[in-house]
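Since the structure comes first, as structure tokens, the remarks are kept for the end.
The values are calculated or read from the model by the stated rules, or taken from the named source; none is laboratory data. The shown structure was predicted, so the numbers you read here are calculated from the model rather than taken from an experiment. Reconstructed Cβ throughout: ideal geometry from the backbone, glycine too, with neighbour counts over all protein chains shown. Protein only, heavy atoms only, side chains kept; ligands, DNA and RNA dropped before computing areas. Shrake-Rupley method; radii C 1.70, N 1.55, O 1.52, S 1.80 Å.
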Amino acid sequence: MVIRCFLFIVLITLSSLSFGQKSLYEKNCDQSVLFGKVPICLPAIDGMREAYNYPTVKAFADKYEIDDNSVLAFYLENEAYQQKDQIDQLILNNYFKIYVVNQTLGVKADQRILDEVTRLLEQNYLAENWDQALNKINDESVAEFMPDEAPVTLEIYSPLDNVKSQIFLIKYPVGNSEFIMINTLNFMLIRERLVLMSFHSIYESEDSIKAARARSDAIVSKIMAIN
């Protein structure tokens, strides 16, 4: 009987602590979305607007997302946001989305998940080939080096604790032409859930790769800090 009373008191105490943390979270979060029952806070990003709930943006984002994933947020630069009604006609640059894999709904994630992600990413890591390509990097040589619609991984790294990131190049056909995009794919542990963020930027030079990585890392830092 004493043990039961003790357990009851512990549960009540933990519930009170959880309630207090939730209140503090809600106070500091202006916009959030739910992944199952878990709230994910969406950060304010300078020069960008979150637009996933806008009908044309939602249709665009869902059109290019695989069925196994669900988009939680889609951020556009201010100039693109002003033209969101014509998003299908835009060549988007420097945008990002926050999304989840549907099969992970309700599944707790921890460091072991990130370790497994790292192992899978490194199976396709073309570091040696990329080092060779850097010696002659320019738009034409990179396009020639890259296989069609197959990503070329440049680096796998951890910008923060509880985050694993991959930066890669990939060709995107647009009409009769094609663009080389810099993509950063970030796997984040947030509230014991695996949440992904991908940042997309048009490749122009080696400097644009460094700029894309820096901007992606800054966004990840804001996401993790507010959650």
(request) All but one of (1) open to solvent by less than 20 Å² (accessible area, probe 1.4 Å); (2) of a type in the set (A, V, I, L, M, F, W, C); (3) modelled with pLDDT under 90 hold for Phe8, so report the exception by its number. (result) (1)
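Can you work out which of the residues in the stretch 154-164 that are of a type outside the set (Lys, Arg) and at pLDDT 90 or above is least open to solvent (accessible area, probe 1.4 Å)?
Looking only at the stretch 154-164, we keep the residues that are of a type outside the set (Lys, Arg), and these are 154-163.
Imposing the further condition that a residue be at pLDDT 90 or above reduces the set to 157-163.
Working: Tyr157: 21, Ser158: 65, Pro159: 40, Leu160: 64, Asp161: 133, Asn162: 70, Val163: 3 Å².
Here the residue is Val163.
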(message) Being under 23 Å from the mean Cα position of the chain (by Cα), open to solvent by less than 90 Å² (accessible area, probe 1.4 Å) and modelled with pLDDT under 80 narrows it down to one residue among Pro147, Pro151; which is it?
(response) Pro151
(message) For the structure I just gave you, tell me whether Val71 is closer than 16 Å to Glu192 by Cα and under 16 Å from the mean Cα position of the chain (by Cα).
(response) no
(request) Inspect the stretch 43-53 for any residue being crowded, with 20+ Cβ neighbours inside 10 Å, within 18 Å of the chain's Cα centre (by Cα) and in contact (Cβ under 8 Å) with a residue 60 or more places away in the chain and give the result as yes or no. (result) yes
(request) Working only within the stretch 165-192, note down all residues that are touching a residue at least 40 places away in the same chain (Cβ under 8 Å) and open to solvent by 30 Å² or more (accessible area, probe 1.4 Å). (result) Val174, Phe179, Arg191, Glu192
(request) Sort out which residues of the stretch 87-106 are assigned to a helix (DSSP H, G or I), touching a residue at least 24 places away in the same chain (Cβ under 8 Å) and either under 18 Å from Ile66 (Cβ atoms) or open to solvent by 40 Å² or more (accessible area, probe 1.4 Å) (or both), and write them in order of number. (result) Asp88, Asn102, Gln103, Thr104
(message) Can you tell me which condition Ala109 does not meet? The list is (1) within 27 Å of Ile180 (Cβ to Cβ); (2) buried (at least 19 other Cβ atoms within 10 Å of the Cβ), and all the others hold.
(response) (1)
(message) Could you check the stretch 170-227 and list, in sequence order, the residues that are more than 16 Å from Pro43 (Cβ to Cβ) and of a type in the set (Lys, Arg)?
(response) Lys171, Arg193, Lys210, Arg213
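Give me the strands (runs of 3 or more DSSP E) completely within the stretch 145-227, filtered to those with at least 3 residues that are closer than 24 Å to Glu77 by Cβ, ordered by residue number.
Details: elements: 152-157, 163-174, 177-190, 193-202.
Result: 163-174, 177-190, 193-202.
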(request) Tell me which residues, restricted to the stretch 212-227, are in contact with a Ser or Thr (Cβ under 7 Å, 6 or more places away or on another chain) and open to solvent by 50 Å² or more (accessible area, probe 1.4 Å). (result) Arg213
